[in-house]
Each structure stands twice: as structure tokens, then as C-alpha cells.
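Below: one structure, written as C-alpha cells.
The values are calculated or read from the model by the stated rules, or taken from the named source; none is laboratory data. As the structure is a computational prediction, the values presented were derived from the model and not from experiment. All Cβ positions, even for glycine, are placed from backbone atoms using ideal geometry, and neighbour counts span all protein chains on display. Heavy atoms of the whole protein, side chains included, go into the accessibility calculation; ligands, DNA and RNA do not. Shrake-Rupley method; radii C 1.70, N 1.55, O 1.52, S 1.80 Å.
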Amino acid sequence: IFCKSGKDRTAMQVTYQQAQHLCQNSTTPDKDLLQYATTMRIHGTRLPICEKNVGQSLFAFNSLQSKFMPDVLKPPPRTLAGFLKGGRVFSREGGIET
């Protein structure tokens with residue numbers, strides 16, 4: 001069972017920590033840490049969890065929220081859900097406005 005509350009914030013933190021772990025325990029350069037986190041956010045297991053929870057493979061942040069997040073926790077722009085539209089938050093019928 002997947003929990004909706006905090007899943008997106010948790011995903012950002014977990015992928016950042018995974019990237020830190022990768023850099024600390026391998027010959028991977030620290031300067032690429034954010035790129036590794038971004039790659040995990042796009043191609044890892046976190047978006048499929050969003051799909052299971054809300055029916056769409058997007059994180060429940062919009063571009064305005066993303067601007068105020070620390071750089072290390074910002075989701076990739078193509079993974080942002082956008083603004084809510086007409087109360088239809090995560091439907092496949094165009095409930096998200098980008």
C-alpha cells in the first residue's frame with residue numbers, strides 16, 4: 001500500500017540521499033550529485049509510485065512551488081503536475097493544467 005501524504009516530498013529527499021550515497025561510496029564525482037538525483041527522479045521507482053497513488057506519473061508540485069524549493073530537492077520540470085484545474089486533480093481527462 002502506498003501513502004499519498006508526503007510521497008512527493010519524500011521522493012525528492014530519498015532520491016537526493018541515494019545520490020549522496022552513490023557519490024560517497026563510489027568513485028562517482030560529487031559535482032554530478034544533482035544530475036544523479038534528477039536521473040533517479042525521472043527514471044527511478046518514484047514516478048511509478050505516483051502512478052499507483054493518483055493515476056498519473058507526475059509529482060504533485062507546480063512550477064511556482066518548485067521555484068521556492070531548495071535546488072537539491074527540486075523535481076525535474078517535466079515531472080511537475082502543474083496547477084489544479086476544475087477540481088479534477090489527477091485524472092487522465094486533462095485535470096492538470098501546465
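Identify, please: which residue in segment 58-86 is outside any loop (DSSP other than H, G, I, E, B) and small (Gly, Ala, Ser) and is, among those, surrounded by the fewest Cβ atoms within 10 Å (Cβ to Cβ)? Per the stated criteria, the residue is SER63. Each residue in segment 46-57 was checked for being part of a loop (DSSP other than H, G, I, E, B) and open to solvent by less than 30 Å² (accessible area, probe 1.4 Å), and 1 of them qualify.
Being polar (S, T, N, Q) and at pLDDT 85 or above, is that true of even one residue in segment 77-84? Yes, there is a match, as at least one residue in segment 77-84 is polar (S, T, N, Q) and at pLDDT 85 or above.
The set of residues in segment 26-45 that are more than 13 Å from the chain's Cα centre (by Cα), open to solvent by 100 Å² or more (accessible area, probe 1.4 Å) and of a type outside the set (Lys, Arg) comprises THR27, ASP30, GLN35. Number of residues in segment 15-25 that are more than 13 Å from VAL72 (Cα to Cα) and surrounded by 14 or more Cβ atoms within 10 Å (Cβ to Cβ): the value is 2.
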